[in-house]
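The values are calculated or read from the model by the stated rules, or taken from the named source; none is laboratory data. Being a predicted model, the structure only gives us computed values, none of them experimental. Counting neighbours? That spans all protein chains shown, and the Cβs are built from the backbone with ideal geometry, glycine included.
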Amino acid sequence: MYSQTEHCIDFKMALTRLACFLVLLSTHYFFTVLAVILRTTDKAPWANEFDSIELSCLVESISTKNPRIEWKKIKNGEPSYVYFEKKISGDLENRARIREPATLVITNTTRSDTAQYRCEVTATNDQKSFDEILIQLVVRVKPVTPKCSLPKSVPVGKSAELGCVEDEGFPKSQYQWFHNNEEIPDDPKTSPKFFNSSYVLNSETGTLKFSVVRKEDAGQYYCRAKNDAGYSECSAQIMEVYDINIAGIVLGVLVVVVVLLCITVGICCAYKRGYFASQKQTGNNYKAPAKGDGVDYVRTEDEGDFRHKSSFVI
């Protein structure tokens with residue numbers, strides 16, 4: 001049996017433990033009440049362009065009645081004010097509002113709103129007087145109609161390249177090609193219809209390259225650009241595939257050779273007949289014969305004819 005002294009000691013120890021617990025509890029409560037603490041329901045929200053979005057900034061605990069609330073937009077590492085001194089500023093001035101106590105609501109998002117946003121609350125009467133939350137917003141943009149290019153006609157056995165490009169969508173668009181309203185798979189070996197085709201499809205760049213075109217590759221083609229916000233398609237275009245006319249090509253070459261041969265023979269005959277002589281004799285081109293050696297002709301004053309000035313030298 002315990003003595004009375006031992007009972008007193010146990011009672012005192014129990015009272016001490018209780019007192020310590022109450023002190024810790026009150027201390028925790030004190031610091032919780034005197035500390036501003038924030039939280040958010042979504043640290044990485046997204047919205048389609050032109051939709052509304054809420055960037056939640058919820059105050060879990062605070063004792064200051066009129067805390068200072070600020071929102072900042074951080075893009076390319078540069079911060080700028082969105083909400084300061086109870087006013088919306090910057091490019092969100094007419095497109096955003098604050099929903100009490102500190103949630104930022106953007107009513108008409110644009111692609112330029114993609115950025116980090118920081119909610120800051122300062123409570124001067126709290127033991128922990130400042131807290132902040134960082135939120136990453138992504139605004140998704142639906143692709144516009146892509147630009148598609150393909151050859152109108154290709155000979156059998158030759159190569160061909162089809163192109164598709166779109167630069168407005170965000171995130172970056174992925175591309176699909178359709179042949180006669182049927183999607184072309186990335187790998188032709190996965191589809192019985194395209195098993196014998198020899199093409200390479202790049203869904204990142206939108207190119208569709210045929211190394212050897214078949215007759216079965218002829219038909220209607222169109223491209224689709226898509227991302228998380230939606231998709232857009234270009235108008236369908238026809239690509240014809242034709243056989244090469246070997247006989248016609250040979251005949252054409254023979255005709256060209258015959259024509260060139262006839263022209264050559266004609267030129268040769270013209271040269272032989274003198275049609276291309278460089279100079280012709282005419283009456284105006286007549287030259288007086290040269291004077292004979294040793295004879296000098298002198299004109300007399302009384303006679304109009306010539307006479308010898310000297311005799312011949314033998």
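The set of residues from segment 123-153 being β-branched (Val, Ile, Thr) and either in contact with a helix residue (DSSP H, G or I) (Cβ under 7 Å, 6 or more places away or on another chain) or at pLDDT 95 or above (or both) comprises Ile133, Ile135, Val138, Val139, Val141, Val144, Thr145.
For the criterion of being in a loop (DSSP other than H, G, I, E, B) and without any contact (Cβ under 8 Å) to a residue 60 or more places away in the chain, Phe194 passes. Of the residues that sit in segment 181-210 and are more than 21 Å from Val165 (Cα to Cα) and either aromatic (Phe, Trp, Tyr) or under 25 Å from the mean Cα position of the chain (by Cα) (or both), which one is surrounded by the most Cβ atoms within 10 Å (Cβ to Cβ)? Checking each candidate, the answer is Phe194. Looking at Thr205, is it among the β-branched types (Val, Ile, Thr) and under 18 Å from Pro146 (Cα atoms)? In short, yes. Please verify whether Asp10 is at pLDDT below 95 and surrounded by 13 or more Cβ atoms within 10 Å (Cβ to Cβ), treating the condition exactly as stated. Answer is no for this residue. If we scan segment 55-63, do we find a residue that is farther than 23 Å from Gln116 by Cα, assigned to a loop (DSSP other than H, G, I, E, B), modelled with pLDDT under 95 and in the same structural domain as Thr110 (by TED's automatic domain parsing)? Yes: segment 55-63 contains one or more residues that are farther than 23 Å from Gln116 by Cα, assigned to a loop (DSSP other than H, G, I, E, B), modelled with pLDDT under 95 and in the same structural domain as Thr110 (by TED's automatic domain parsing).
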